[in-house]
Amino acid sequence: MSKRSIATVVAGVAAMPTLLMLAAAPAAAAVDGQVRVSNTETVQAYLDATGKVDVARVYEQVAMQGRGTVDLQNPVEAQGLRNLDGFGGFEVKDGVMVGRFDVDGEQRLRTVSDYTKKLPLEVQAAYTLDGQTVEPGDLLGRSGRLEVRYTVKNVTGTSQLVSFDDGTGKSATARQTVVIPMVGSLSTTLPGTFTNVSSKEANVAGDGRGGTKLTFTMTLFGPIGTPTASFGYAADIVDGTLPKASVSALPVSPLDSPSFKGGAESYKGGATTGATLTAGATEIDANLLKLRDGAGTLLAGLIQLRDGAKKLDAGLGAQALPGSRDLATGAGQLKDGTAKLRAGAGTAKDGSSKLADGAAQVADGAGQLDDGAKKLSTGATKVDDGAGQVAGGLHLLGEGAPALVDNLALVADGLDKVDAGLTQMYDGVGGLPDKAKPLHAGITKLRAGLGGKGQSGTLIDGVDQIRAGLAAATEAGGSLDQLKGGVAQVRSGIGTAGNPKTLVGGVTAVRSGLEAALASPAGGVTKLEAGVTLAKSVDCGPTCQLVLSQVG
C-alpha cells in the first residue's frame, strides 16, 4: 500500500489559483487476501490576484487492486466531505474514514473536502505599470509597460538540530530551519494583446493561438535551490487584462529523484572536498605555528651566537691583542738589553780602564732587561686572560651551535610541511593555481638553501662544520688547550725575581752581581784592575805582555 500527493492548480478569472499538495497520513488497511491499496491526494487552492487564499480543497483517491477483503482506515478532512463517485456517504470516526470493502479486480474511492490546514506554499504577486506600483484591479483597460513579479515561499520549515563535520575531523551541531523538499512550476498564458514579452527566468513558448505561454520552474529547498523563489515577466499591454496563473508543486526525495540525485551527489562530493580543504588549511596553520616557533628558537640561537661572538671579539681585541703587543715590546726590550749586555761584556776586553764603564753599561742593560722581563710577564698575563676569554667565547659558541643546527632543521621541517599542506589543499581543487606557484617556488628555494648535514654549500651543513670545528678546538687536548699550555709555559719561564732558574730571576741575579761589583772598593772590578797592574809589572814574556797590553 502506498500514498502519493500531487498538487495542481486551476485559476479563475482575474485570480491566481495555486495548487499545493501536502501529503496527509497514509491510509491503513487490514487485508484478507492479495489486495494492493494506494492513496493519492491533491490540494487545490484558488488565490486572488495578490496571492491571498480564497478557496482550498483536497481531492483524494483510494485505489484497491487484487482479490480479497479490505478494512480501510483513511485520514481525511471531514469538513465538506463528499463522494465524487455517487450519492452515498462515508463513515468518519475522529477524522478517519473507515469501511469494509470486498475487492475483486479493481475498486476506487474518490472524495473532495475543504482543506483547512495551512498551505505549504505562500504565493505573492506584485504589479507595476510604467514603473509605478498598481493594484491588480487597476490594470483593466490600461496600456503601458507591465511588469509582474511572483514570490513563492516554502513555509514547511521547522527548527531542527543538524549534525555536520566541522572540517577538523570533529562533529558539530547547530540548529537550522529544515523545510520539506518541494519542487513545482508556475504557468501562465499571456493573450495576444501582450507584446514584447521578456523574462530572465521563464521558459517561453507560443500557445498556438497568438498568445505566449510562460513556465517558471521552482526548486524550493537548499542547497540545490532556496526555500523562496522570485521571478516574473514584463510585456507591453493594450487594453490590459490580468491573465490567470496556476502553480503546481509536490514534495520530492532529492536522494532518490533522478532529477536531483546527481546534484545531491555533487554537493556531497563538494562537502567532502571542502572538508579536505579545511583539513589541509588546518594542517598548514599548524605547520606555520611550528615554523613560527622554530624561527623564534632560531632567533634565540642566533642571539646566543652573537653574544658568544661579542665575547670572543672582546677577548681577542681587548685582552689578547694588547697582551701580545706588550709581549712583543718586552721581547724587543729584552733583545736590546741582551745586545747592550754583549756590548758591555765586549768593552771589558778593551782594558781595565774601560771595565768600569762597561760594567756600568752592563748594569744599565741589566736594568732594561729587568724592565723588559717585567713587561714580558705583564703581557703574558694579559695573553693568558685573553686566552681564557677566548675559551669562554668558544665554549659559548660550541653550546649554541648544536641548538642552531636543530633550529635550522626545525625550520626546514616546517617548510616541508607547509609545502605538503599547500599541495594537499590544492590537489583537492584541481592542482596548484598560478597565483600560488611563486609561494611554492619560494618555499622550495628556501628549503634548498637550508639543505642538511653533509650537503655542501647549504646553511645547515656550514653551521654543522662550524660546530665540529668548535668542538675540536674546545675538547681536551685541543688547539685551545695547547694555546693555554703554551702561554702557561711562557709565564713559568719568565718567572719571578725570587727564582734564579727563571728569566726574571736570572736577570735579577746578574744585575745584583754587577751592582755589587761596581759599588764596592774591594769588589771584583777593583781586584781585577789590581791584578792586571801587578801582572804588567812582572816580566812574563812577550806573549803575556802583549795580552796585558790589550787589557790595560
Inside the stretch 126-149, can you point out the residues that are free of Cβ contacts under 8 Å to residues at least 40 places away in the same chain and of a type in the set (S, T, N, Q)? Thr128, Gln132, Thr133
Which condition from (1) modelled with pLDDT of 90 or more; (2) not in a strand (DSSP E or B) is the one that Lys117 breaks? (1)
Which residues, taken from the stretch 146-183, are modelled with pLDDT of 90 or more, basic (Lys, Arg) and more than 22 Å from Thr215 (Cβ to Cβ)? Arg175
Within the stretch 103-126, of all residues that are of a type in the set (Val, Ile, Thr) and more than 16 Å from Tyr46 (Cβ to Cβ), the one surrounded by the fewest Cβ atoms within 10 Å (Cβ to Cβ) is Val103
Scan (1) at pLDDT below 70; (2) closer than 18 Å to Ala295 by Cα for the single condition Gln424 breaks and write down its number. (2)
Could you check, for the stretch 83-100, whether at least one of its residues is in contact (Cβ under 8 Å) with a residue 40 or more places away in the chain, surrounded by 14 or more Cβ atoms within 10 Å (Cβ to Cβ) and in contact with a strand residue (DSSP E or B) (Cβ under 9 Å, 6 or more places away or on another chain)? no
Hey, among Val53, Val103, Val58, Val98, which residue is within 30 Å of Gly232 (Cβ to Cβ) and modelled with pLDDT of 90 or more? Val58
Residue among Glu77, Glu60 that alone is assigned to a loop (DSSP other than H, G, I, E, B), buried (at least 16 other Cβ atoms within 10 Å of the Cβ) and in contact with a strand residue (DSSP E or B) (Cβ under 6 Å, 6 or more places away or on another chain): Glu77
Just checking, does the stretch 136-152 include any residue being polar (S, T, N, Q) and either in a strand (DSSP E or B) or buried (at least 16 other Cβ atoms within 10 Å of the Cβ) (or both)? yes
Being in contact with a Lys or Arg (Cβ under 7 Å, 6 or more places away or on another chain) and either β-branched (Val, Ile, Thr) or closer than 20 Å to Pro254 by Cα (or both) is true for just one of Thr173, Thr217, Thr189. Which residue is that? Thr189
Among the numbered criteria (1) touching a residue at least 40 places away in the same chain (Cβ under 8 Å); (2) surrounded by 12 or more Cβ atoms within 10 Å (Cβ to Cβ); (3) not basic (Lys, Arg), which single criterion is violated by Thr212? (1)
Restricted to the stretch 188-238, and to residues that are of a type in the set (A, V, I, L, M) and assigned to a loop (DSSP other than H, G, I, E, B), which residue is nearest to Arg149 (Cα to Cα)? Ala202
Inspect all residues belonging to the stretch 165-185 and state whether any of them is touching a residue at least 40 places away in the same chain (Cβ under 8 Å), in the same structural domain as Ala229 (by TED's automatic domain parsing), within 18 Å of Thr50 (Cα to Cα) and in contact with a strand residue (DSSP E or B) (Cβ under 8 Å, 6 or more places away or on another chain). yes
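The values are calculated or read from the model by the stated rules, or taken from the named source; none is laboratory data. The structure displayed is predicted, hence computed values, not measured ones. Counting neighbours? That spans all protein chains shown, and the Cβs are built from the backbone with ideal geometry, glycine included.
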